[in-house]
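Encoded as structure tokens, the structure appears first; notes follow it.
The values are calculated or read from the model by the stated rules, or taken from the named source; none is laboratory data. The model shown is predicted, which means the values in this text are computed figures rather than measured ones. Glycine gets a Cβ as well: all are built from the backbone with ideal geometry, and neighbour counts include every protein chain shown. Surface accessibility is based on the protein's heavy atoms, side chains included, excluding ligands, DNA and RNA. Shrake-Rupley method; radii C 1.70, N 1.55, O 1.52, S 1.80 Å.
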2 protein chains.
Amino acid sequence: MKMATRKEEIMEVSARLFKEKGYNAVSMRDIAKAMGMKAASLYNHISGKQELLSTLILQVARAFTQGMDAVMADAISPVSKIEKIIELHIEITINHSEGLAALNNDWMHLENDDLADFLGMRERYESNFRSIIKDGIDCGEISPRHPEVILFSILSTLRTLYVWYQKRGKLDANVLKKDMVAIFLQGIVAK
Amino acid sequence: MKMATRKEEIMEVSARLFKEKGYNAVSMRDIAKAMGMKAASLYNHISGKQELLSTLILQVARAFTQGMDAVMADAISPVSKIEKIIELHIEITINHSEGLAALNNDWMHLENDDLADFLGMRERYESNFRSIIKDGIDCGEISPRHPEVILFSILSTLRTLYVWYQKRGKLDANVLKKDMVAIFLQGIVAK
DNA sequence: ACAACTAACTAACAATTGTTAGTTTTGTGT
DNA sequence: ACACAAAACTAACAATTGTTAGTTAGTTGT
């Protein structure tokens, strides 16, 4: 039985609103109105506004961490790892589209341990990605450009995927993956 | 004489704060404190918080529009145009670093005409970029991938440039440009 | 010295914020 | 039918928000 708890409903609604206007521009009363109830009633299900944000963000962050760990454990070439990372981002974009906006735009409003957890995961993620690129350059599989530029070119695109994915009328996930891999690996110039 | 007016100082300080915490998380009292004065005193120089945001964003948006117009007027190949666009973004990133954050993250808090102006400029910009890519594909200069995927891959990276540019200890603008052009045109795979 | 400006100040406002306390309604198992 | 828990409600709170009014200090031109 696919029974969504009331708490999960609140989280979905909040995620949608946060995505549209940002964490600070959404009031508890806004969330309540979208749920068809009064602000005070929300507190029967959640501890506060912060919980909404941190649950949302850390959930997605853990999905990334977990996915990256799997990629790192795989005994494949650096370029194949990058392909897997692109797949990972597409999959998370499809399944956590709303939470991704909060992660990208509102992580700085996390507090204390939640903020530290997030930053830790982000740093580990980037550092894993960086080492994949460096390995690729060292073994001659990847062109010897500045690793940081490669990293941020790919990562910026992957991180912003959620903005485009639904706006541009549902391009198929497989087409998207194939084209993105082609662009980053072979470039856009016809040969 | 390089005399910055008080209003310009306020705009710089606001831009810095908006970049760190986002428009809605910065109060007029925050801005005032950073300026070493009281919130009410700000109103001797500006009309309100909205003016700060719209001035900041529309200034940068106009720089983009102007730059794109110049590129479109140039009688060069599609790929050369894309190179020029990359240059344009790097230049704006260096000169308007702070305003870029507001443009990227807080444009939805613009009101009325300002919002309409911004959306108009953004749409025109993207549509110009899209037509350059399509021209390139039509004339065989660019690989026949989904144009939308090419567009958003490049544009996402360019738009997020400001986040990385200063964090990663000042990599030279020329190196940055050379590597980014190489990555998008030739890809990252060694040949 | 005096008038005119500029730019700071203090004090206060109405609205909105997240949240709590206490109460009533709704639904479920016995 | 009754008890119990879940989940909604009303009312209110202290704090913070953007902004205005009125005042005072500092600078400049004559």
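Checking the a/c ratio against 1.5 first, then a/b against b/c, what shape does the Cα gyration tensor give for the stretch B:37-134?
Because a/c hits 1.5 or more and a/b exceeds b/c, the stretch B:37-134 counts as prolate.
With an 8 Å cut-off on Cα pairs and a minimum separation of 6 or more residues, tell me the relative contact order of chain A in percent.
Reported relative contact order: 23 percent.
Filter the trypsin sites (Lys or Arg not before Pro) in the stretch A:119-173 to those in DSSP coil with at most 10 other Cβ atoms within 10 Å of their Cβ, and list the result.
Sites meeting the loop and neighbour criteria: A:Lys167, A:Lys170.
I need the shape label for chain B. Rule: rounded when a/c is under 1.5, else prolate if a/b > b/c, else oblate, with a, b, c from the alpha carbon gyration tensor. Kindly include the intermediate steps, with their values, before the conclusion.
Working: a/c = 2.53, a/b = 1.95, b/c = 1.30.
Prolate, since a/c reaches 1.5 and a/b exceeds b/c.
Which net charge results when you count Lys and Arg as +1 and Asp and Glu as -1 among the other residues whose beta-carbon is under 10 Å from that of A:Ser97?
Numbers: positive: A:Arg16, A:Lys19; negative: A:Glu98.
Summing Lys and Arg as +1 and Asp and Glu as -1 gives +1.
Going by Cα centres, the stretch B:6-63 and the stretch A:15-53 are how many Å apart?
Spelled out, the Cα-based centre of one part sits 27 Å from the other.
Quick check: net charge around A:Ala190, other residues with Cβ under 12 Å of its Cβ, Lys/Arg +1 and Asp/Glu -1?
0
Express the carbon and sulfur contribution to the solvent-accessible surface of chain A as a percent, rounded to the nearest whole number, probe 1.4 angstrom. Walk me through the numbers on the way to the answer.
Details: 4620 of 9070 Å².
Of the solvent-accessible surface of chain A, carbon and sulfur hold 51 percent.
Rounded to the nearest 100 Å², what is the sum over both chains of accessible area buried where A meets B, with a probe of 1.4 Å?
Accessible area lost upon association: around 4000 Å².
Summing +1 for each Lys or Arg and -1 for each Asp or Glu, what net charge is found among the other residues whose Cβ lies under 13 Å from the Cβ of B:Ala39?
Local charge sum for B:Ala39: +3.
Roughly how many whole Å is it from the C-alpha centroid of the stretch B:113-157 to that of the stretch A:70-128?
27 Å
Could you tell me which chymotrypsin sites (Phe, Trp or Tyr not before Pro) in the stretch B:4-91 are loop residues by DSSP with no more than 14 other beta carbons within 10 angstrom of their beta carbon?
When the chymotrypsin sites (Phe, Trp or Tyr not before Pro) of the stretch B:4-91 are filtered for loop state and at most 14 Cβ neighbours within 10 Å, B:Tyr43 remain.
How would the protein assembly as shown be classified by its alpha-carbon gyration tensor: rounded, prolate or oblate, with rounded meaning a/c under 1.5 and the a/b versus b/c comparison settling the rest?
oblate
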